[in-house]
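Structure first, then comments.
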Amino acid sequence: MSISRLALTLLCSALLLLQGCSSWQVNQAAAGLAVAGPQATLSRLEKINPSGRDRAQYLLNTGVLKLYLGDWSGSRKDLEEAKGIMSSMQAVSITENFAALTTNETLRTYDGTPTDQVLVHVMLALGYLMSGDLDGARVEMLQANITMKQESQDDSTLGQLASARFLSGVIYELNREWDDALISYRRAYQIMSDRREPIPEALQISLLNLTQRQGFDKEYKEFSNRFGREAELPGAGEGEWILVYLDGVVSSKTESRLSVYDGSVDTVVSVVMPRYLPSYYQPRALTLVAEKRQRSGIIENLETRAREDLEADHAKILAAATVRAVAKYKVVQEAQSKNDFSGVLMNIATVVSEQADVRSWNMLPASVQVARIKAPVQQPVQLAEKALTLPGLSEFSTRPLALVFATSLTDQTFAYPELPPPTPPVVPTTTSTTAAAEPELQAEATVETAQQGETDAH
Amino acid sequence: MKHWILVFSVVFLSACATSVERVSADSTIDLSGAWNDTDSRLVAEEMIADVLSRPWIGDFSGRTGKRPAVIVGTVRNLSHEHINVQTFVADMERALVNSGRVDFVASRDDRGEIRDERIDQDLNASEGTRNAAGQELGADFMLKGQINTIIDAEGKEQVRYYQVDLTLISMADNRKVWLGQKKIKKYVKNAKLRY
């Protein structure tokens, strides 16, 4: 094959590659998620036919959107498939490595960042829990534990998620496995301490309650001194509410061009690298209101996690991009030495084919927030910013603990155990009433219907 | 040269094609190292063989003069995998019923469906064929249990340890009359390279 034909083939392949790039369409959809909402974004995604190598990223995104919408089985199906793909990608691919080193990084199958690999279990656990399957949720948290063990490296919190540990603790508590719950909360605390992040009130209360309940007096005193508060164990006729709130949408990656000097060719080569723009995320909290009120606190800042994951891979990506750029530079030089036109074509082909891998699980929330309060089992609890009242624990649970799941992207709120269906509106009977009384009854009925509508929306 | 390319292409394409081979339902095929149909069947058969060989059956029959009626309660999955406990429970039910040594009481869900049918019979079936309510067989013992795992993983290697614990409890007085345990250990080595 002549050099010019090779250049043309490369150029056409590069253009085809760009056209068929589903990850670009996914990134576009992610950019509009906060405004369009999960339902419209999901409809947009369902029109995309992702390539095999982008499928895990696609499924992670459809899975989390379905979770926001309360489609538990659909979410589970997508996330389980994505999890399977990411797991099978742990073996190194010979062909993908070759393609990535000669063309660009997007030719590798998306296998997720360390955060993705743990967070997929967290999202699945939430889905299992909200569909009423506590044992299924427990399975996911055990798997998350193994994944975090495999990711753990000395002096690094990469791939260690406090949110996964906290949710494990809640699930163990729901199973009345207090020792395991305390271990999970301790690990969440350790991860956040290592990162020098503020400990949310919910985790403080969890640690205090569990150390007091289990009789670890010394540890209880240490935590109590550190947090400046006491345990808030529910008394007789009281229960506890835990809120898991997903706020905002995490940033998508973008790309930037860097100039790198390479000694082997004694020249400066240009490489394209993925990066995140600076984050201007402003967290919005959700407040649980019972006898006391508590604003949700961040247990996982995914804006930060995403940037840490990319930073950890930066050197590796830059080295691969430099090797690739030097190889392409040599091919262009060779083509130019034979024929100017071939050289031009080859140059265009190498530039067009160079793409940064900007794929990510970019429909995740920007932060995972939690809150924990106790309340009498008869007392309704409010989610203040959503103007939503949840029925007292005694109306839907035999357990003294309920978990509420909400996102900033929808008005829907879910719970474990499942919330009772809204009370049907009282239909006024007009046959036995006088004409004078009718307007009052109609007015009452209107108020009741409006209140019911509000409950339905929640 | 062209012939070699053709031969290579045929071999390459045939390697990519899906193939299906029928195998015996009893055959053991381990693909991922996860809990599979063979584990479910073997554990169920071995544990039921054990429970049926213990003295509680003789004691009960000697005391009451009848075969014990058994019901399978909850078998909880506390493992690292999403195990379909229903197939495991079905395997145990089959082994128990087919032994002919115990009577078997339908599960809570099954009973509900049968009761609905009985109510329907009350309204619609002829007098001679109607089955009356209140004649159900009460279980004497309940079989409960759980599946636990311990996974030790390092790099591409894993040791998967499964432990199935079953308990047979007397409904009359909450006595545990049999405790069964079955362990399975698997060493799984995942591939380091793929095509």
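The values are calculated or read from the model by the stated rules, or taken from the named source; none is laboratory data. Computed from a predicted structure; not experimentally measured. Cβ atoms come from the backbone with ideal geometry, glycine included; neighbour counts cover every protein chain shown. These area figures cover heavy atoms from the full protein model, side chains too; ligands, DNA and RNA do not enter into them. Shrake-Rupley method; radii C 1.70, N 1.55, O 1.52, S 1.80 Å.
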Please give the number of the condition B:Asp152 fails out of (1) touching an Asp or Glu at 6+ places or on another chain (Cβ under 8 Å); (2) within 14 Å of another protein chain (Cβ to nearest Cβ); (3) loosely packed, with under 15 Cβ neighbours inside 10 Å.
(1)
Within segment A:48-100, restricting attention to residues that are modelled with pLDDT under 95 and part of a loop (DSSP other than H, G, I, E, B), which residue is surrounded by the fewest Cβ atoms within 10 Å (Cβ to Cβ)?
A:Asn49
Those residues of segment A:346-372 which are touching a strand residue (DSSP E or B) at 6+ places or on another chain (Cβ under 7 Å) and farther than 27 Å from A:Val120 by Cα amount to A:Glu354
Please name all residue pairs, on different chains or six or more residues apart, with Cβ atoms under 9 Å, provided the first residue is in segment B:43-55 and is buried (at least 22 other Cβ atoms within 10 Å of the Cβ) and the second residue is part of a helix (DSSP H, G or I) and aromatic (Phe, Trp, Tyr).
B:Val43/B:Phe88; B:Ala44/B:Phe88
Assess whether A:Glu140 counts as being touching a His at 6+ places or on another chain (Cβ under 7 Å), of a type outside the set (Gly, Ala, Ser) and surrounded by 22 or more Cβ atoms within 10 Å (Cβ to Cβ).
yes
Hits in segment B:155-171 (condition: more than 10 Å from chain A (Cβ to nearest Cβ) and free of Cβ contacts under 8 Å to residues at least 24 places away in the same chain)
B:Gln163, B:Asp165
Considering only segment A:334-354, I want to know if a residue exists there that is in contact with an Asp or Glu (Cβ under 8 Å, 6 or more places away or on another chain), modelled with pLDDT of 80 or more and farther than 30 Å from A:Met148 by Cα.
no
A:Glu255 meets each of (1) touching a helix residue (DSSP H, G or I) at 6+ places or on another chain (Cβ under 9 Å); (2) modelled with pLDDT under 95; (3) over 26 Å from A:Ser397 (Cβ atoms) with one exception, condition (1)
Kindly indicate whether any position in segment A:339-346 is outside any helix (DSSP H, G or I), farther than 30 Å from A:Leu288 by Cα and touching a Ser or Thr at 6+ places or on another chain (Cβ under 9 Å).
yes
State yes or no: is A:Leu119 crowded, with 18+ Cβ neighbours inside 10 Å, in contact (Cβ under 8 Å) with a residue 40 or more places away in the chain, within 30 Å of A:Gly169 (Cβ to Cβ) and of a type outside the set (Gly, Ala, Ser)?
yes
Residues of segment A:124-137 being surrounded by fewer than 24 Cβ atoms within 10 Å (Cβ to Cβ), more than 16 Å from A:Ser184 (Cβ to Cβ) and aliphatic (A, V, I, L, M), which ones?
A:Met130
Long-range neighbours under 6 Å by Cβ, at least six apart or interchain, first residue touching a residue at least 40 places away in the same chain (Cβ under 8 Å) and under 11 Å from A:Arg359 (Cα atoms) within segment A:245-256, second among the β-branched types (Val, Ile, Thr) and part of a loop (DSSP other than H, G, I, E, B):
A:Lys253/A:Val358; A:Glu255/A:Val358
Among B:Ala133, B:Ala172, which is the only one that is over 26 Å from B:Val85 (Cα atoms) and in contact with a Lys or Arg (Cβ under 9 Å, 6 or more places away or on another chain)?
B:Ala133
Examine segment A:238-249 for a residue that is more than 25 Å from the chain's Cα centre (by Cα) and open to solvent by 40 Å² or more (accessible area, probe 1.4 Å), and state whether such a residue exists.
yes
Which of the residues spanning segment A:101-113 are open to solvent by 50 Å² or more (accessible area, probe 1.4 Å) and either more than 12 Å from chain B (Cβ to nearest Cβ) or over 24 Å from A:Val249 (Cβ atoms) (or both)?
A:Leu101, A:Thr102, A:Arg108
Among the numbered criteria (1) touching a strand residue (DSSP E or B) at 6+ places or on another chain (Cβ under 9 Å); (2) open to solvent by 70 Å² or more (accessible area, probe 1.4 Å), which single criterion is violated by B:Val89?
(2)
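One line per residue, one yes/no per condition, for (1) more than 17 Å from A:Asp309 (Cα to Cα); (2) in contact with a Lys or Arg (Cβ under 9 Å, 6 or more places away or on another chain); (3) of a type in the set (Asp, Glu):
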site	(1), (2), (3)
A:Arg138	yes, no, no
A:Leu142	yes, no, no
A:Thr157	no, yes, no
A:Leu161	no, yes, no
A:Tyr172	yes, yes, no
A:Gln190	yes, yes, no
A:Arg196	yes, no, no
A:Glu201	yes, yes, yes
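So that you can scan it fast, the table gives a plain yes or no per residue for (1) modelled with pLDDT of 90 or more; (2) buried (at least 16 other Cβ atoms within 10 Å of the Cβ):
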position: B:Trp4; (1), (2): no, no
position: B:Ser9; (1), (2): no, no
position: B:Leu13; (1), (2): no, no
position: B:Ser61; (1), (2): yes, no
position: B:Thr64; (1), (2): yes, no
position: B:Val75; (1), (2): yes, yes
position: B:Ser79; (1), (2): yes, yes
Residues within segment A:118-138 that are within 13 Å of another protein chain (Cβ to nearest Cβ) and in contact with a Ser or Thr (Cβ under 7 Å, 6 or more places away or on another chain), tallied:
2
What strands (runs of 3 or more DSSP E) completely inside segment A:201-296 contain at least 2 residues that are of a type in the set (Ser, Thr, Tyr)?
A:254-262, A:267-275
Does any residue of segment A:190-211 turn out to be surrounded by fewer than 23 Cβ atoms within 10 Å (Cβ to Cβ) and within 14 Å of chain B (Cβ to nearest Cβ)?
no
Given the conditions (1) of a type in the set (A, V, I, L, M); (2) touching an Asp or Glu at 6+ places or on another chain (Cβ under 7 Å); (3) within 9 Å of chain B (Cβ to nearest Cβ), report the number of the one that A:Leu158 does not fulfil.
(3)
Are there helices (runs of 4 or more DSSP H) fully within segment B:15-103 with at least 2 residues that are within 14 Å of chain A (Cβ to nearest Cβ)? List them.
B:85-99
Among the residues of segment A:6-17, is any under 19 Å from the mean Cα position of the chain (by Cα) and either within 25 Å of A:Gly84 (Cα to Cα) or at pLDDT below 90 (or both)?
no
For segment B:172-190, which residues satisfy the criterion of being surrounded by 11 or more Cβ atoms within 10 Å (Cβ to Cβ) and either within 14 Å of chain A (Cβ to nearest Cβ) or among the acidic types (Asp, Glu) (or both)?
B:Val188, B:Asn190
Can you tell which of A:Pro391, A:Pro400 is in contact with a strand residue (DSSP E or B) (Cβ under 6 Å, 6 or more places away or on another chain), surrounded by fewer than 23 Cβ atoms within 10 Å (Cβ to Cβ) and more than 13 Å from A:Leu286 (Cα to Cα)?
A:Pro400
